[in-house]
1. What's the total number of residues in segment 167-218 that are closer than 26 Å to Ile413 by Cα and not in a loop (DSSP other than H, G, I, E, B)?
2. What residue, of Thr230, Thr250, is surrounded by fewer than 22 Cβ atoms within 10 Å (Cβ to Cβ), in a helix (DSSP H, G or I), β-branched (Val, Ile, Thr) and touching a helix residue (DSSP H, G or I) at 6+ places or on another chain (Cβ under 7 Å)?
3. Limited to segment 227-242, what total is found for residues that are of a type outside the set (A, V, I, L, M, F, W, C) and within 42 Å of the chain's Cα centre (by Cα)?
4. Any residue in segment 140-154 that is closer than 15 Å to Met126 by Cβ sitting within a Cβ distance under 9 Å of a residue that is hydroxyl-bearing (Ser, Thr, Tyr) and modelled with pLDDT of 90 or more? List the pairs, counting only those 6 or more apart or interchain.
5. For Ala330, work out the one condition from (1) over 44 Å from the mean Cα position of the chain (by Cα); (2) surrounded by fewer than 18 Cβ atoms within 10 Å (Cβ to Cβ) it doesn't fulfil.
6. Going residue by residue through segment 215-228, is there one that turns out to be under 16 Å from Ser398 (Cα atoms) and in contact (Cβ under 8 Å) with a residue 12 or more places away in the chain?
7. If the requirement is being closer than 30 Å to Pro54 by Cα and of a type in the set (A, V, I, L, M, F, W, C), which of these qualifies: Val127, Val186, Val190?
8. Which one of Pro235, Pro240 is modelled with pLDDT of 95 or more, touching a Lys or Arg at 6+ places or on another chain (Cβ under 6 Å) and closer than 24 Å to Asp327 by Cβ?
Amino acid sequence: MSETVAKLVKSAMFALILVAGPASALAEGEAADAEPQWPPPEGATSGAGVAGAPGPVGNLSAGAPKYDDGSAIDIKWTASAGEAEGASPKVTSYLVLRSNPKTGPVADLIGKDPMTLAPRADAFTMVKVVPATGAGSEYSLRDQPAKKTRFVYMVFPMAGAVYGRPALVGPASTDTAYWNGHHWLVALTVLIMGVLIAYFLGQAKKRGKEMYIRRIAGIDAMDEAIGRATEMGRPVLYVPGVEEIQDLQTIASILILGHVAETVAKYGAEIKVPCMIPLVMAISEEVVREGFVRAGHPDAHKPRNIMFISSEQFAFTAGTNGIIIRDKPATNIYLGRFFAESLMLAETGYINRSIQIAGTAEITQLPFFIAACDYTIIGEELFAVSAYLSREPRLLSSLKATDYFKALLILFIVFGTVWMTYFHSDPARQAAFMDLFFPGS
């Protein structure tokens with residue numbers, strides 16, 4: 001019994017804090033500029049104790065956002081009448097509170113008049129103070145509570161430090177959506193790519209070498225360039241770029257290296273592969289060995305010709321240039337990722353009068369290769385070479401699928417451009433287009 005009395009006393013004391021306080025404090029403007037606090041400071045003025053104090057907010061709601069990952073609750077409301085022109089006291093902000101699960105079940109708070117509820121001060125924690133923006137405004141606040149449970153929210157309209165009549169909403173809880181409708185375009189993209197790859201994979205298995213792929217002059221010239229090196233009795237130099245093995249351009253270059261090594265072995269020529277990365281050297285050595293084995297000349301392979309020069313960019317460049325000047329290779333092939341060394345290597349090969357074939361996806365280095373080399377494989381052509389050479393069904397299907405998807409993407413861009421241009425004076429239609437394809441943008 002004594003415990004119940006103690007709880008009632010605590011509740012009564014808190015209620016007095018809210019409803020007590022001289023109305024003259026509001027008249028004198030002592031609290032007009034004070035920052036809202038929670039729990040309320042001693043002597044705080046409540047709307048219940050002041051005639052004409054701010055009324056509650058309107059249309060208060062709380063719930064999980066649509067397509068949420070289970071981490072947030074959106075609280076929405078409309079402006080209090082205390083924001084109207086000439087209202088006194090004037091609402092300057094809104095104090096948003098969240099129930100504290102540690103102090104008891106939210107069922108004790110639901111359906112109660114917040115001004116008669118008089119909960120303990122620690123029954124709610126402050127979420128945020130939202131500045132008022134004017135009469136008729138709509139407010140939205142996203143709360144991300146650490147604990148996943150049900151909450152009750154309370155919103156006080158504040159006239160400075162004067163607590164207006166609060167509004168209560170709940171229970172609300174987070175909710176995890178299994179489908180994010182905002183990303184439907186991503187799902188459609190994956191579906192289209194999957195269908196295209198499956199279709200072209202079937203076509204590649206049926207037709208194989210008959211599938212059309214645009215000719216790439218630099219790749220077609222490789223056999224001729226290697227043949228020239230064989231006739232002249234000079235080696236072929238192959239540089240697989242300067243990046244790590246996990247780089248996509250390096251991987252593409254290593255795949256092409258296998259074909260080049262096999263062709264070199266068939267022609268009875270010699271290949272030299274200077275590397276900047278030790279792991280790239282180890283893999284290149286194995287790829288070249290396999291190329292010689294496929295050609296039926298495993299004994300012709302010379303492991304010493306696949307060499308590590310230096311992991312320093314310009315030391316590697318100097319070492320490779322030294323090989324070009326001393327060994328005078330008849331053919332130089334630069335495929336992979338290159339940076340400032342691209343022009344140094346290509347110029348040295350040009351002075352040596354070598355046939356040079358280069359390829360990279362680095363836009364900034366392409367002009368140097370185009371100026372100094374006989375053939376240049378530009379951008380994405382580098383990634384298509386492995387399918388171009390091998391005619392392997394999986395690679396062919398991926399290549400054809402991406403090409404067709406690019407065509408669809410170009411059509412979509414053209415359609416979007418025409419739509420936005422035609423309806424340039426109709427913001428509603430422009431917004432509808434953006435909301436359909438890019439929700440939340």
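The values are calculated or read from the model by the stated rules, or taken from the named source; none is laboratory data. In this text, all values refer to a predicted model and were calculated from it rather than measured experimentally. Reconstructed Cβ throughout: ideal geometry from the backbone, glycine too, with neighbour counts over all protein chains shown.
1. 20
2. Numbers: Thr250 fails: surrounded by fewer than 22 Cβ atoms within 10 Å (Cβ to Cβ).
The match here is Thr230.
3. The first filter runs over segment 227-242 and keeps only residues of a type outside the set (A, V, I, L, M, F, W, C), leaving 227-228, 230-231, 233-235, 238, 240-241.
In the following step, the residues that additionally are within 42 Å of the chain's Cα centre (by Cα) were identified as 238, 240-241.
Selection size over segment 227-242: 3.
4. So the pair list comes out as Leu141/Tyr94.
5. (2)
6. Step one: of segment 215-228, the residues under 16 Å from Ser398 (Cα atoms) are none.
Within segment 215-228 (the criterion being under 16 Å from Ser398 (Cα atoms) and in contact (Cβ under 8 Å) with a residue 12 or more places away in the chain), the answer is no, since none of the residues qualifies.
7. Working: Val186 fails: closer than 30 Å to Pro54 by Cα; Val190 fails: closer than 30 Å to Pro54 by Cα.
Checking each option against the conditions leaves just Val127.
8. Working: Pro240 fails: touching a Lys or Arg at 6+ places or on another chain (Cβ under 6 Å).
From the options Pro235, Pro240, the qualifying one is Pro235.
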